[in-house]
Amino acid sequence: MYPIARHDARLALRELSAADVAAVATIYGSHEVTEHLSFTPRTPEEVDGIVARSMASATASPRDEYALALTRKETGELIGFVRLALDPHQQRAATIGGALRADSWGLGYGRETLRLLLALAFADLDLHRVWAARSPDNEAAAKTLLAAGMTEEGRIRGHVHVHGAWRDSITYGILREEWPVNESS
């Protein structure tokens, strides 16, 4: 499925372009933004590679990764980087994740972003299950995942090696039948 273009009243998901490297670097290069992610801040060169790989995966056949720009609908300004990746170990399932620019936190964009990703997963890709993971210390992500309709499922111990140590992850999931159909727009 290419290109992806999905939106709600305030936000839009779209394919990444080479012109997005600087905006993504602002997000992925931030210590504040990456504090609870599974990696440390990325250099501009690393982000260039991430965007290039994301653009290449967008036209792969079959497509198994949807790395997308999250923008403000009215202005087109990139405020986030999100990813939905099909899970090769589960039938019709995917994992989702992403990051928002710090100045976009606390405005409800996280919940809206998750709803857009879930609509992509269930309405467009006809998936059965979507899951996500968060750092145990990221309470804002916990609230956002629950507000988007996901259910906390458990803890993966020693899941991620970041900042020189192993860290657990708290997992969340949602099944197609739990997803509200009226949010598919």
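The values are calculated or read from the model by the stated rules, or taken from the named source; none is laboratory data. Keep in mind the model is a prediction, meaning the values are calculated, not measured. FYI the Cβ positions are ideal-geometry reconstructions off the backbone, even for glycines, and counts take in every protein chain you see. What goes into the accessible areas is simple: the full protein's heavy atoms, side chains included, and nothing from ligands, DNA or RNA. Shrake-Rupley method; radii C 1.70, N 1.55, O 1.52, S 1.80 Å.
Quick notes on this one:
- Each of Ser61 and Ala9 was given a label point 7 Å from its Cα along the Cα-to-Cβ line. The distance between the two points is 4.0 nm.
- Protection proxy ranking, highest mean first, for peptides 117-124, 169-176: 117-124, 169-176, where packing is the per-residue count of other beta-carbon atoms within 10 Å, averaged.
- Heavy-atom accessible area order for His159, His89, largest first, 1.4 Å probe: His89, His159
- Separation between Cα centres of region 109-169 and region 19-67, rounded to whole Å: 18 Å
- FRET efficiency for Ser17 and Asn138, using Cβ-Cβ distance with R0 set to 30 Å, rounded to 0.05: 0.55
- Region 46-118: Rg to Rh, with Rh as the Kirkwood radius over Cα pairs: 0.99
- Highest-fluctuation residue, Ala148, Ala102, Ala132 considered, GNM on the chain with Cα pairs under 10 Å: Ala102
- Global geometry of the chain, whether rounded, prolate or oblate, following the gyration tensor of its Cα atoms and the 1.5 cut on a/c: rounded
- Accessible carbon and sulfur surface of the chain relative to its total accessible area, %, 1.4 Å: 52 percent
- Within the assembled protein chains, the solvent-accessible surface assigned to Ser135 is about 10 Å², based on a 1.4 Å probe.
- Computed helical MRE - 222 nm, the chain, DSSP H runs ≥ 4 contributing -39500 (n - 2.57), nearest 500: -7500 deg cm²/dmol
- Comparing His163, His31, His128 in a Gaussian network model of the chain, where Cα atoms under 10 Å apart are tied by springs, the biggest mean-square fluctuation is seen for His163.
- The order of Met150, Met55 by accessible area, most exposed first and with a 1.4 Å probe, is Met55, Met150.
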